[in-house]
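The values are calculated or read from the model by the stated rules, or taken from the named source; none is laboratory data. Just so it is clear, the structure is predicted and the values come from calculations on it, not from any experiment. Cβ sites come from the backbone with ideal geometry, for glycine too, and all protein chains shown count toward neighbours.
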Amino acid sequence: MIDFFGPDSHLLLNPRMPEEERARLEKLVPPLPAHVFVATSGSSGAVKLVALSKVAILASAVAVNEYFAATSSDVWASVLPAFHVGGLGIFARAQLARGRVLAMPWDPQLLVRTDTTLVSLVPAQLHDIVRAEVRPQTSMRAALIGGGSLDPQLHQAARALGWPVFTSYGMTECCSTVAIDGQLLPHLEGRAEEEGRLAFRGASMLTGYATGEGVIDPKDADGWFTTEDVGAVKGRALRVDGRRGEFLKIGGESVDLGRLDGVLDSVRGEIDAALVAIPDERLGHVLHLAVAGEGEGIARQFNERVLPFERVRGVHQVAEIPRSPLGKLLRTRLSEALS
């Protein structure tokens, strides 16, 4: 377990990450004390290594703990991967409040057999709860749902089962939670910039991105970090409308279609093919492959090179892949053709 008050630094990566990618990221770690380094997908398409100071992580933990009045009597269930800030933050909050963490595999029935009082989930996990019609134990005080937009019907169904659902919005660069139920937490400021892009500053901001030659700080001179998310801020109220470019969420995981297009290009050879995001009730989206030719071999090679949640779930043969005169994929047109 990480000591968030200690001087040591830690690199946290998905154990299923391809070895080549893991080796690349390990080389980027700078000699910064009291930091945690985690991976995230950036707007450039490459996976970035984010440097988060333990001071910043604890600032986020303080804000969440104060929101829920967390104490040493609370028990956090750890059902999210600790190599993401959503899972990492649970341990910081518990350590700060001197509470307890129960680490367990994801299973709704197992969760409700514990004395958990606080839990962080992604929408896909809440979907599992509702589908299984599992009611919470009486000790449960809050289920914080983040990692993607929450369908209103799913929200209502969970509430009807008795789950104390709170929606959250957060990101790696802010050390996890930015807002709960549409209200900015007190340790952060927010604003909408050009084209509605959301920007934040405050005590829980990243130190920067590790490059192998040092750390690049993406914040401006006044400490504002501009995100790829679009929305509005009015006072302390935050509205998030979506993601610029081609970012989406699959089971709470951020997926950059631009980066995955590059993986597909490396395996499709002369056969034209493209990735399409298909709405999915449980995961938010899943990826399918459209191919102008035989696609099973391409899908197999692609799936061998990506993380489990990024894998292609279906293959569609099409007469042609719609592209602009300059060869740019017209993904929206392709999605409409397959719907």
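Figures for the structure shown
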{"read-out": "Qualifying residue in the range 102-110 (condition: assigned by TED's automatic domain parsing to the domain that holds Ala56 and either at positive phi or at pLDDT below 95 (or both))", "value": "no"}
{"read-out": "Residue list for the range 307-321, filter: in contact (Cβ under 8 Å) with a residue 60 or more places away in the chain and buried (at least 19 other Cβ atoms within 10 Å of the Cβ)", "value": "Glu310"}
{"read-out": "Test: residue in the range 38-56 that is out of contact with any Phe, Trp or Tyr (no Cβ under 7 Å at 6 or more places or on another chain), surrounded by fewer than 18 Cβ atoms within 10 Å (Cβ to Cβ), modelled with pLDDT of 95 or more and under 30 Å from Arg197 (Cβ atoms)", "value": "yes"}
{"read-out": "Selected residue (only one of Pro123, Pro136, Pro108 is farther than 26 Å from Arg201 by Cβ, surrounded by 18 or more Cβ atoms within 10 Å (Cβ to Cβ) and in contact with a Phe, Trp or Tyr (Cβ under 8 Å, 6 or more places away or on another chain))", "value": "Pro136"}
{"read-out": "Output for the range 216-229, where each listed residue is buried (at least 17 other Cβ atoms within 10 Å of the Cβ) and among the hydrophobic types (A, V, I, L, M, F, W, C)", "value": "Trp224, Phe225"}
{"read-out": "Within the range 179-202, tally of residues that are in a loop (DSSP other than H, G, I, E, B) and either surrounded by fewer than 18 Cβ atoms within 10 Å (Cβ to Cβ) or modelled with pLDDT under 95 (or both)", "value": "4"}
{"read-out": "Residues of the range 284-306 satisfying the condition of being surrounded by fewer than 16 Cβ atoms within 10 Å (Cβ to Cβ) and over 14 Å from Ile271 (Cα atoms)", "value": "Arg300, Glu304"}
{"read-out": "Residue in the range 203-225 that is in contact with a strand residue (DSSP E or B) (Cβ under 9 Å, 6 or more places away or on another chain), free of Cβ contacts under 8 Å to residues at least 24 places away in the same chain and small (Gly, Ala, Ser) present", "value": "yes"}
{"read-out": "Ser168 being buried (at least 22 other Cβ atoms within 10 Å of the Cβ), under 19 Å from the mean Cα position of the chain (by Cα), assigned to a loop (DSSP other than H, G, I, E, B) and in the same structural domain as Val75 (by TED's automatic domain parsing)", "value": "no"}
{"read-out": "Filtered residue count, the range 63-78, keeping only those that are buried (at least 20 other Cβ atoms within 10 Å of the Cβ) and of a type in the set (Val, Ile, Thr)", "value": "1"}
{"read-out": "Count of residues meeting criterion [at pLDDT below 90 and under 22 Å from Ala179 (Cβ atoms)] in the range 234-254", "value": "11"}
{"read-out": "Positions within the range 219-235 being more than 22 Å from Leu206 (Cβ to Cβ) and not in a strand (DSSP E or B), in sequence order", "value": "Gly235"}
{"read-out": "Residue that is modelled with the highest pLDDT [pool: residues in the range 145-165 that are under 30 Å from Phe4 (Cα atoms) and under 14 Å from the mean Cα position of the chain (by Cα)]", "value": "Ile145"}
{"read-out": "Residue in the range 61-70 that is within 22 Å of Pro186 (Cβ to Cβ) and touching a His at 6+ places or on another chain (Cβ under 8 Å) present", "value": "yes"}
{"read-out": "Residue identified as farther than 30 Å from Pro18 by Cα and of a type outside the set (Asp, Glu) among Leu126, Leu96, Leu102, Leu121", "value": "Leu96"}
{"read-out": "Selection from the range 266-306 of residues that are farther than 18 Å from Gly148 by Cα, part of a loop (DSSP other than H, G, I, E, B) and hydrophobic (A, V, I, L, M, F, W, C)", "value": "Ile271, Ala292, Val306"}
{"read-out": "Tally of residues being assigned to a loop (DSSP other than H, G, I, E, B) and either hydroxyl-bearing (Ser, Thr, Tyr) or in the same structural domain as Glu253 (by TED's automatic domain parsing) (or both) across the range 111-161", "value": "6"}
{"read-out": "Failed condition for Arg197, given (1) free of Cβ contacts under 8 Å to residues at least 40 places away in the same chain; (2) touching a Ser or Thr at 6+ places or on another chain (Cβ under 8 Å)", "value": "(1)"}
